[in-house]
Amino acid sequence: MSAPSQLILYISMKKPLPLSRPRKNRLLRTLSSSLMPSALAHWLGVRAIAIAPEQIALREGMRAGVAVGAVMILALKLSMPLMAWSAFAAFWTCLVDPGGLLRTRVRTMLIFGTAGTCVTGIMSAAAGVGVVPSFIGLGVFSFLCGLARKRGAIATQISVLVAIVAVVAVCYPQTPLGALHLSGLFVLGSGWAMLICVAAWPVDPYAPQRQACSAIFREQARMASRLLDVMGQPPSVTLQHQAISAYRRDIRSRIEQARSKIEVLSAGAFTSRTRAVLLPAIETADRLFITVMAFEHAVLSGVTSATARRTVRLVAATLQRAARESLRPEPRPEAFDKQIRFLRLLGAGNTDLFTKGANHCADALADLQAAWQNPKTTPARAPQTPPAATTAAPSSSLVFVRHAARLSVAVMVAYAISLKLALPYAYWAMMAVVVVTQPKASTTLPRTIERVAGSVAGGLLAAVMGVLLPMWAILIMVFPLAAATIALRSVNYALCVMFMTQLFVMVTDLVSPALGWDVALSRSINNIIGSLVGLAGCLLLWPEKRQAPLSAQVAAAFNANMRYAALATRLDPVPWEEIEKARRDAGTSSTQAEILCQQAKIEGLRRSNTLETSQTILFLLRKLAGAASVWWMEQSPTPTEQALKRAHFYAQSYALLAQDKNTPLTLQDMLNQLRSTDPDTV
């Protein structure tokens, strides 16, 4: 690099604020950073507890607050306690709103409003007739709602909320005329909420996809920024495990989830353009992920040069800029001009890993610029069903039938328990069963934990407010509680349940004053009972075949990572598509195995030798993936003797794995092979 270029680069990097420290003037970014630290988000994510701070929906929350609060004010003004049913209907209608295009939103809310109105009248009238019709109605509607899951995500949301309407309506026994009146109140609340959702505070229908895309760049920037703190410190196994596993696992999951959400966007004009803008951003994030992994491996191996620090700092700043631009409906391609120029200056020598990494980042950003300047707005093709999906259709249908049967039985068991124990507000126990019971037992346990934790915390807070606050203050609290529940529904389930618990308790306290602590205590107890019934139903009623054992998942991750290492070290050029697919397969398989390890810990296998060996293997595989990224970036036309030996070793190792598919390696064999590999890896 020439002296003038070095001087320009030095001056620019001495003033890193505009690049490396983005302005904190966006409310959502501030909230997401303060409410949920990145390390905690990773810790929760690996334990199957989803957390997405960037998905806070303030406008949707405000709409729900207005819809529910206005109905409650009217109910108190007219002295109609039963009008709380309209408030519940308004809240559920806001909750069922899927976002996105207006046509889809209106259709979804209309379907829910119609189904909820019918279910309200039928279940309320059945409860007025007697216990036997109530059980029959609960069983039938729970089964139908559970079966509706197979029609997709929106159908699942509608079916869950319709099932909730059924279990709540059974606790409002009425005569046929009274049931018709209750249905009218449901129509009133649902129609009012629909009017508010459609007409008030219009929002960008693709904001969630943009936020998900932006979050990928932002998490990679945090991953890179941590390396600046690591440089100069002695190596730490704990630090390495946290750096290699947590961030890579989370970012890989985010990339795949965001890609799947964007690829299925429809072929409308605006939709197609959004797809054409966001898909290149996802692909660019995936390409930059290679560079960040390579930098991480080098830094954790002890590289602390000045060039390394400047490159990492510039890459982190570039990722932050990409995160901000991805949030724009019309991103600015010229926003990357300065970053690309600086990256080219740093990579002018192209002599080591960091200069090559700078060039790799510049190439990826240049391609993103070109894609944003001329977005291809051709109609999006419908996602093709893989061959495996066709053969798995019968078993897939059986999964939903089994889930519907479980749900039906569990709801009736919860109803029987509530009648036997004379539990007040019995519908809370049945609501817990509906939302906790999942098609797979592995996802039911985390949902149960979140439901119980959120209900207990929300119940305690609501009890304190119910005792200390006057009636007018409780009425005021309905607005922020409804807003918080809807705003956090896509962020974390436990937080959503916590605010929802407070909302329901406050509404109940308004229509039935002087109950105080009893409502909150009943809510918590009933939720615990319902959650345990739902979990027991998944474990005891028609249990599904257990997923592949941990050793099989680890073996799949081992094979995928060895294939990636073999391709990354090959002396002849490998097509980008092939190396990229191998890298994605390695990251995804490692993530699945690591999540299974965490689930095994929850099941009480913390001290198992198999679990400890598996964790060590997965840790070494993450290091191997980072080393493979380094080797791929350091390839040159004249390979060194070490590169030749490395290529021969991994080519031979993967060839042996491919030949011995019928005799898979044991965990100890995998561990021994990883420990005997190139010293640069371990």
Could you list, in sequence order, all residues of the range 319-348 that are closer than 22 Å to GLN211 by Cα and of a type in the set (A, V, I, L, M)? LEU319, ALA322, ALA323, LEU327, ALA335
Of everything in the range 360-387 that's open to solvent by 90 Å² or more (accessible area, probe 1.4 Å) and in a helix (DSSP H, G or I), which residue is modelled with the highest pLDDT? GLN373
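The rows are residues; the columns are (1) outside any helix (DSSP H, G or I); (2) at pLDDT below 80; (3) within 17 Å of SER629 (Cα to Cα).
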| residue | (1), (2), (3) |
| --- | --- |
| ARG546 | yes, yes, no |
| SER551 | no, no, no |
| ALA555 | no, no, no |
| ALA560 | no, no, yes |
| ARG563 | no, no, yes |
| ALA566 | no, no, yes |
| GLU578 | no, no, yes |
| CYS597 | no, yes, no |
Find the residue count for the range 449-476, including only residues that are of a type outside the set (Val, Ile, Thr) and buried (at least 21 other Cβ atoms within 10 Å of the Cβ). 9
Residues of the range 552-588 being of a type in the set (Asp, Glu) and open to solvent by 40 Å² or more (accessible area, probe 1.4 Å), in sequence order, are ASP572, GLU577, GLU578, ASP585
Among the candidates THR304, THR390, residue that is modelled with pLDDT under 90, assigned to a loop (DSSP other than H, G, I, E, B) and open to solvent by 10 Å² or more (accessible area, probe 1.4 Å): THR304
Among the residues that make up the range 228-243, is at least one of them at pLDDT 80 or above and either open to solvent by less than 50 Å² (accessible area, probe 1.4 Å) or touching an Asp or Glu at 6+ places or on another chain (Cβ under 9 Å) (or both)? yes
Quick one: would you say VAL312 is open to solvent by less than 10 Å² (accessible area, probe 1.4 Å), at pLDDT 90 or above and under 17 Å from GLY626 (Cβ atoms)? yes
I'd like to check something: does the range 328-338 contain any residue that is within 24 Å of SER225 (Cα to Cα), within 21 Å of the chain's Cα centre (by Cα), hydrophobic (A, V, I, L, M, F, W, C) and in a helix (DSSP H, G or I)? no
Please state which one of ALA483, ALA473 is modelled with pLDDT of 80 or more, within 14 Å of PHE91 (Cβ to Cβ) and either among the aliphatic types (A, V, I, L, M) or part of a helix (DSSP H, G or I) (or both). ALA483
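Matching residues to (1) open to solvent by 10 Å² or more (accessible area, probe 1.4 Å); (2) out of contact with any Lys or Arg (no Cβ under 7 Å at 6 or more places or on another chain):
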residue: ARG324; (1), (2): yes, yes
residue: LEU327; (1), (2): yes, no
residue: GLN339; (1), (2): no, no
residue: PHE354; (1), (2): no, yes
residue: GLY357; (1), (2): no, yes
Subset of the range 499-523 that is under 12 Å from LEU423 (Cβ atoms) and open to solvent by less than 50 Å² (accessible area, probe 1.4 Å) - its residue that is modelled with the lowest pLDDT: ARG523
Restricting the search to the range 119-157, which residues are out of contact with any Ser or Thr (no Cβ under 6 Å at 6 or more places or on another chain) and under 15 Å from THR93 (Cα atoms)? VAL119, ALA155, THR156, GLN157
Odd one out for LEU188 among (1) within 26 Å of PHE479 (Cβ to Cβ); (2) open to solvent by less than 40 Å² (accessible area, probe 1.4 Å): (2)
Since SER266 meets every condition but one in (1) at pLDDT 75 or above; (2) under 29 Å from ILE56 (Cβ atoms); (3) not in a helix (DSSP H, G or I), which condition does it not meet? (1)
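The values are calculated or read from the model by the stated rules, or taken from the named source; none is laboratory data. The shown structure was predicted, so the numbers you read here are calculated from the model rather than taken from an experiment. Note that each Cβ is placed from the backbone with ideal geometry, even for glycine, and that neighbours are counted across all protein chains shown. The area values use the complete protein model at the heavy-atom level, side chains included, leaving out ligands, DNA and RNA. Shrake-Rupley method; radii C 1.70, N 1.55, O 1.52, S 1.80 Å.
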